[in-house]
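The structure appears right after this line, and notes come after that.
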Amino acid sequence: MPKKQKRPAKFKFLPFSAQQRRLMHWWRPGLMSANNDFVIADGAIRSGKTIACIIGFLTWSNEMFEGQSFILAGKTMGALKKNVIRPMMQILEAWGWPYDYIRSGTDARLEIGSNTYYLYGANTEAAQDALQGLTAAGAYLDEAALFPRSFIDQAIGRCSVDGWKVWMNCNPEGPHHYIREEFLLPEKQKEKRVYHLHFMMTDNLSLSKARREAYERSWSHGSVFYKRFVMGLWVAADGLIYQQFADNVKDYLITDKWLEENEIIYATIGVDFGGTKSAHSFTLTGFTRGYKQVVVLDEYYCKKRLNPKQLQDDFVDFVRRARLKYKVYEAYCDSAEQTLISGLEMACAQAHVSIDIKNAIKGPINDRIAFYNSLIAQGRWKVMKHCTHIIEAFEQAVYDEKKKNMDVRLDDGLMNVDSLDSTEYSTESVQDDILYIAA
């Protein structure tokens with residue numbers, strides 16, 4: 001007998017702000033705002049956009065349509081399920097609306113009443129292909145600024161049922177981002193019939209003042225991430241990537257004495273493989289209890305050519321050295337080099353060095369940059385003084401001036417992006433868990 005799916009807990013409704021209520025009800029017949037085809041809710045993080053968008057989309061689609069198909073899309077399928085589907089089902093439980101969640105297969109979907117909501121991840125240009133052939137009455141695009149333009153265009157093109165509407169929410173990106181230039185400029189709002197709602201953290205009444213201040217401390221004032229995530233502005237990224245670290249390097253450097261006073265619970269290794277102009281880089285990163293501190297404990301950096309045997313020997317030595325002091329169970333390696341990864345696995349097995357070697361997640365570079373800027377602003381990132389390559393890499397990292405408004409990190413063969421990559425790989429597995437933990 002198949003195991004019955006566990007039902008989620010009922011959503012606990014708290015008072016909604018005026019801005020949230022506008023987002024929930026803008027579509028209702030008779031309102032001036034209902035004449036629009038699009039709603040875009042942008043602005044600060046944790047400002048209540050998502051919950052209001054979910055409630056509005058659910059009520060609109062079920063009150064205005066029967067027997068229709070809808071698009072639900074997130075940056076990835078995992079992000080969609082976490083950020084949208086789970087709270088959506090909690091809301092349905094609270095309302096007492098019957099639904100079925102078909103979570104696997106090529107047609108993952110929610111069935112609510114007579115309507116069907118198909119689920120999509122939109123993290124690659126090829127993602128749009130999954131929408132081909134669908135006729136939809138509407139779409140909800142969560143974190144839409146992170147989607148490829150092709151997916152947004154395709155989703156809009158699939159909405160052809162009379163009365164269709166497209167719902168988007170997002171945090172701001174650069175000022176020349178597709179969504180801002182094609183939907184949010186005043187002339188575009190009028191031309192495409194876009195209802196724009198800008199959110200600040202104060203629009204989320206369930207967020208306490210203390211919690212709001214903790215989020216505001218997550219990025220240094222004046223940084224591009226503070227302007228985007230706290231102030232909700234579409235601004236360009238330029239200059240030094242880790243300005244606060246570069247201005248105050250000594251504040252983040254530690255010695256063995258610091259480690260004697262702060263226990264490292266466990267550590268992970270990040271591995272970036274070198275090429276013609278790049279270096280092999282390993283980073284050992286440790287975590288104190290509750291992820292209060294993230295600490296670069298050791299590094300390996302070699303820009304000269306190595307044969308596979310030399311690289312394997314150096315990696316085994318690095319792991320052994322790390323395990324003399326810390327609990328190290330995992331290494332995350334650049335997934336583009338599967339042959340080299342297999343070589344490391346074989347070498348560790350032959351040397352009787354037990355470590356789980358995995359592919360690095362390699363999420364968007366800007367997500368990794370935001371993560372480290374947050375830790376730096378909160379004073380929660382430390383680096384051992386002897387890790388000079390990592391210190392220099394973070395101190396000198398800059399945005400590419402030739403690709404302004406694209407948030408591209410300069411990689412010209414001279415900048416040490418290898419140490420940046422290996423360090424980021426070492427923390428990606430826990431990045432989402434600790435990003436918003438207050439200092």
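The values are calculated or read from the model by the stated rules, or taken from the named source; none is laboratory data. These numbers come from a predicted model, not from an experiment. Cβ atoms come from the backbone with ideal geometry, glycine included; neighbour counts cover every protein chain shown.
Within region 227-263, work out how many residues are closer than 30 Å to Gly43 by Cα and out of contact with any Ser or Thr (no Cβ under 6 Å at 6 or more places or on another chain). Residues meeting the conditions: 21. The lone criterion from (1) over 26 Å from Glu263 (Cβ atoms); (2) surrounded by fewer than 19 Cβ atoms within 10 Å (Cβ to Cβ) left unmet by Cys333 is number (2). Taken over region 88-129, the criterion of being assigned to a helix (DSSP H, G or I) and either polar (S, T, N, Q) or without any contact (Cβ under 8 Å) to a residue 24 or more places away in the chain (or both) is satisfied by Gln90, Trp95, Ala126, Gln128, Asp129.
Only residues that are within 20 Å of the chain's Cα centre (by Cα) and closer than 22 Å to Val84 by Cα were counted across region 168-209, and they come to 10. In region 13-28, the residues that are without any contact (Cβ under 8 Å) to a residue 40 or more places away in the chain reach residues that are in a loop (DSSP other than H, G, I, E, B) with C-beta atoms within less than 9 angstrom, at least six apart or across chains, in these pairs: Met24/Phe16; His25/Leu31. Each residue in region 144-167 was checked for being part of a loop (DSSP other than H, G, I, E, B), more than 18 Å from the chain's Cα centre (by Cα) and touching a residue at least 24 places away in the same chain (Cβ under 8 Å), and 4 pass. Looking only at residues of region 205-261 that are part of a helix (DSSP H, G or I) and basic (Lys, Arg), we find that the one that is nearest to Asn169 (Cα to Cα) is Arg228.
For Gly413, which of the numbered conditions (1) more than 18 Å from the chain's Cα centre (by Cα); (2) at negative phi fails to hold? Among (1) more than 18 Å from the chain's Cα centre (by Cα); (2) at negative phi, the lone unmet condition for Gly413 is (2). Looking only at residues of region 396-415 that are assigned to a loop (DSSP other than H, G, I, E, B) and hydrophobic (A, V, I, L, M, F, W, C), we find that the one that is surrounded by the most Cβ atoms within 10 Å (Cβ to Cβ) is Ala397. Filter region 96-130 for residues that are aromatic (Phe, Trp, Tyr) and surrounded by 19 or more Cβ atoms within 10 Å (Cβ to Cβ); which is nearest to Ile55 (Cα to Cα)? Ranking the qualifying residues of region 96-130, first place goes to Tyr117. Here Lys188 fits the description: assigned by TED's automatic domain parsing to the domain that holds Lys49, surrounded by fewer than 21 Cβ atoms within 10 Å (Cβ to Cβ) and within 30 Å of Phe147 (Cβ to Cβ).
Is there a residue being at pLDDT 95 or above, within 24 Å of Arg86 (Cβ to Cβ), in the same structural domain as Cys53 (by TED's automatic domain parsing) and in contact with a strand residue (DSSP E or B) (Cβ under 6 Å, 6 or more places away or on another chain) anywhere in region 158-166? Yes, the conditions are met somewhere in region 158-166. For the residues Thr268, Thr276, the requirement of being loosely packed, with under 14 Cβ neighbours inside 10 Å, over 30 Å from Gly174 (Cβ atoms) and not small (Gly, Ala, Ser) singles out Thr276.
Could you look through region 416-436, keep only residues that are surrounded by 17 or more Cβ atoms within 10 Å (Cβ to Cβ) and either of a type in the set (Gly, Ala, Ser) or free of Cβ contacts under 8 Å to residues at least 60 places away in the same chain (or both), and pick out the one that is nearest to Tyr332 (Cα to Cα)? So the residue we want is Ser426.
For (1) under 30 Å from the mean Cα position of the chain (by Cα); (2) touching a residue at least 12 places away in the same chain (Cβ under 8 Å); (3) farther than 21 Å from Ile391 by Cα, each residue gets a yes or a no:
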{"site": "Gly290", "(1), (2), (3)": "yes, yes, yes"}
{"site": "Leu297", "(1), (2), (3)": "yes, yes, no"}
{"site": "Gln310", "(1), (2), (3)": "no, no, yes"}
{"site": "Val316", "(1), (2), (3)": "no, yes, yes"}
{"site": "Lys327", "(1), (2), (3)": "yes, yes, yes"}
{"site": "Glu330", "(1), (2), (3)": "yes, yes, yes"}
{"site": "Glu337", "(1), (2), (3)": "yes, yes, yes"}
{"site": "Leu340", "(1), (2), (3)": "yes, yes, yes"}
{"site": "Gly343", "(1), (2), (3)": "no, yes, yes"}
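With respect to being on the phi > 0 side of the Ramachandran plot, assigned by TED's automatic domain parsing to the domain that holds Cys170, at pLDDT 95 or above and not polar (S, T, N, Q), Gly74 falls outside the description.
For region 342-357, a residue qualifies if it is β-branched (Val, Ile, Thr) and out of contact with any Lys or Arg (no Cβ under 9 Å at 6 or more places or on another chain), and exactly one does: Ile357.
Listed here are the residues, each with its yes/no results for (1) modelled with pLDDT under 90; (2) of a type in the set (Asp, Glu).
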site	(1), (2)
Leu344	no, no
Ile357	no, no
Gly363	yes, no
Ser374	no, no
Asp421	no, yes
